[in-house]
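Only one structure is covered here, and it is reproduced in the block below.
The values are calculated or read from the model by the stated rules, or taken from the named source; none is laboratory data. The shown structure was predicted, so the numbers you read here are calculated from the model rather than taken from an experiment. No Cβ is skipped: glycine too gets one built from the backbone with ideal geometry, and neighbour counts run over all protein chains shown. Accessible surface is based on the protein model in full, side chains and every heavy atom, while ligands, DNA and RNA are left aside. Shrake-Rupley method; radii C 1.70, N 1.55, O 1.52, S 1.80 Å.
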Amino acid sequence: MALTLLRGMRTPVVARRNAGLFFTTLQTPLLSRFTTRAESARAAAPKSIQLATKEAAEQKAQGFEAVIGIETHVQLSTVTKAFCSCPYSYGSQPNSTVCPTCMGHPGTLPVLNAKVVECAVRLGLALNCEIAMTSKFDRKQYFYPDLPKGYQISQFDIPIAKEGYLDLDLPVEFGGGHRRFGVTRVHMEEDAGKLLHSESGSYSQVDLNRAGVPLLEIVSEPDMRTGIEAAEYGAELQRLVRYLGVSNGNMQEGSLRCDVNVSVRPIGQSNFGTKVEIKNMNSFSAISRAIDYEISRQILLHKEGQADQIVQETRLWDESSQKTFTMRKKEGLADYRYFPEPDLPEVVLTSEYIDEIQNSMPELPEAKRRRFENMGLSMQDVLFLANDDNVARFFDSTLEHGADAKLAANWIMGDIAAYLKNEKLSIDEIKLTPLELSELIASIKNGTISGKIGKEILIELIAKGGTVKSVIEEKDLVQIADPAAIEAMVDQVLADNPKQLEQYRSGKTKLQGFFAGQVMKASKGKANPVLLNKILGEKLKANS
């Protein structure tokens, strides 16, 4: 591998620019065709359940099944890096947050950030893992320009957490159902730097800001069988780390990166097929599409008698062509020459430390979904509300103020969600409070205002804040519920529209909606719709 890379390099050039910005240039004709993991991802429409079902059926008809596992790297939201005091901020000027330690200068020694251990234990507990009371760090050695030390500090044979599982619910549009996927291990490690490729592909620059940033790697069991299952596993992990507060989980920033291992085998065969790793997927929909392509590619080779061409390798997903391409042959464990990190002591935990973290854990997505489901909400409602912790807290707070669960869910998933999407805001950035949403629901329920007026008040509260009561009083929006007042408006509308009344008498009964609309217009939307329809119906019947 080292020789292959060196053939593509030019003579290294090290330049000092603007107070400590160092760049190394090399020729990378192959890598220049692909964007780095953290660069922009293109949004894609989710695959329909009909297509997913069809693909699964086709795989079975061809006598093969896929075996899928995922290695997920989660960048931790710590103030400083894993083994030095450098801060890290996404988007900083290249090489502006570096020091001799994270640049791998000789003579420097790493010092473990205790917050990394806390995050690892927290995620391990959330994944139902066995926490190692004693674990250690190891050196994983490989050659690459963005790895300044020539090795990565990681964990090999004694990870901090192992043998767990992750529960999730598949979206209704993908067939629904509950899944449990095994988690082999969770271990701590540091990130490498980042190569910035030129447009021409003639050289690359090295940015070491990310070098030494703390990561947790979560390795799943090979329990997934479809691209949709794998994508939903990744989405649930993202949801989990956000609930825990250990990472922002933003794929577009490289804070959550998924490498997928895919193999196929004849149905009924217990041995795994040859595993292929896929990288460069910047969205969950890309994960699903990359896996579907790779499954089809491998099955085709099997059916054409060319199964020997499926080799253990790393392939890159190319979004533009919707295909995977060979990047490099996959290294084995022996190639990394792991050995214990001599500059770091063992990580020794106590039962009291673990218990303290366990007692501070928030309600997790799976528990929240089951609680919402027990309220009688549909699975579609449950998945939407539990997807974002901020939305879930807003919903819970609305219920605490006395709102009905289904009505609160409808308002949040309907008008509020539409507003947030249009304005590109999160629910904690609007001025509407859970208390006022509950007051709005109560005002509609008790007949003070109509549902139509309620929608108008909602927009006012979201944008400007205030209270339901003050908006109703200020704009005189109290619903007209006096039968005599509504009857007078109905009589006036019928008198003003004799032609339409005659047509109604001739059998065009759909004109009742026209009359109701005219009354609502006259009342500025304040007439009680139930009472209006009752009085209008009686008047029209009497005039027939």
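The table below lists the values:
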{"read-out": "Label-point separation, residue 353 to residue 79 (7 Å along Cα→Cβ), nm", "value": "2.0"}
{"read-out": "Charge dipole of the chain about the Cα centre (unit charges at C-beta), most positive-ward option of 237, 478, 398", "value": "478"}
{"read-out": "Gain upon complete extension [residue 473, residue 320; 0.36 nm per residue less C-alpha separation]", "value": "49.5 nm"}
{"read-out": "Spacing of the two label points (7 Å from each Cα toward its C-beta) at residue 178 and residue 90, in nm", "value": "3.3"}
{"read-out": "Cα radius of gyration and Dmax for the chain (Å)", "value": "30.2, 99"}
{"read-out": "Among 186, 170, 144 the positive-end extreme of the charge dipole of the range 124-187 (Cβ point charges)", "value": "144"}
{"read-out": "Volume per residue that the Cα convex hull of the range 483-541 spans, once the total is divided by residue count, Å³", "value": "65"}
{"read-out": "Dipole of the chain, positive end: most advanced residue of 203, 286, 446 [Cβ charges, Cα centre]", "value": "203"}
{"read-out": "Cross-link pairs beyond the 29 Å C-alpha cut-off, checked among 136/368; 162/421; 475/499; 455/510", "value": "136/368; 162/421; 475/499"}
{"read-out": "Debye, to nearest 20: dipole size of the chain, +1 on Lys, Arg Cβ, -1 on Asp, Glu Cβ", "value": "1560"}
{"read-out": "Carbon plus sulfur fraction of accessible area for the chain, probe 1.4 Å, in percent", "value": "53"}
{"read-out": "Anchor residue 303: aspartates and glutamates whose Cα lies under 15 Å away (excluding residues fewer than 8 positions away in-chain)", "value": "58, 65, 294"}
{"read-out": "Dipole in debye (nearest 20) - the range 48-348, about Cα centre, beta carbon charges: Lys, Arg +1; Asp, Glu -1", "value": "160"}
{"read-out": "Accessible solvent surface per residue of the range 48-348, calculated while the other protein chains remain in place, 1.4 angstrom probe, Å²", "value": "40"}
{"read-out": "In Hz, Karplus ³J(HN,Hα) per residue of the range 466-473 (6.51, -1.76, 1.60; θ = phi - 60°; x = Gly, Pro)", "value": "x, 10, 4, 4, 5, 5, 4, 6"}
{"read-out": "Relative contact order, percent, the range 402-544 [alpha-carbon distance under 8 Å, six or more residues apart]", "value": "23"}
{"read-out": "Mean shadow area of the range 363-475, taken as a quarter of the surface of its Cα convex hull (nm²)", "value": "6.8"}
{"read-out": "Ellipticity estimate at 222 nm from DSSP helix runs (n ≥ 4, -39,500 (n - 2.57)) divided over the chain, nearest 500", "value": "-11500 deg cm²/dmol"}
{"read-out": "Alpha-carbon centroid distance for the pair the range 478-514 / the range 393-442, whole angstrom", "value": "36"}
{"read-out": "Relative contact order (%) - criterion: Cα under 8 Å, at least six apart; region: the chain", "value": "14"}
{"read-out": "Kirkwood-based Rg to Rh ratio, the range 48-348, C-alpha trace", "value": "0.97"}
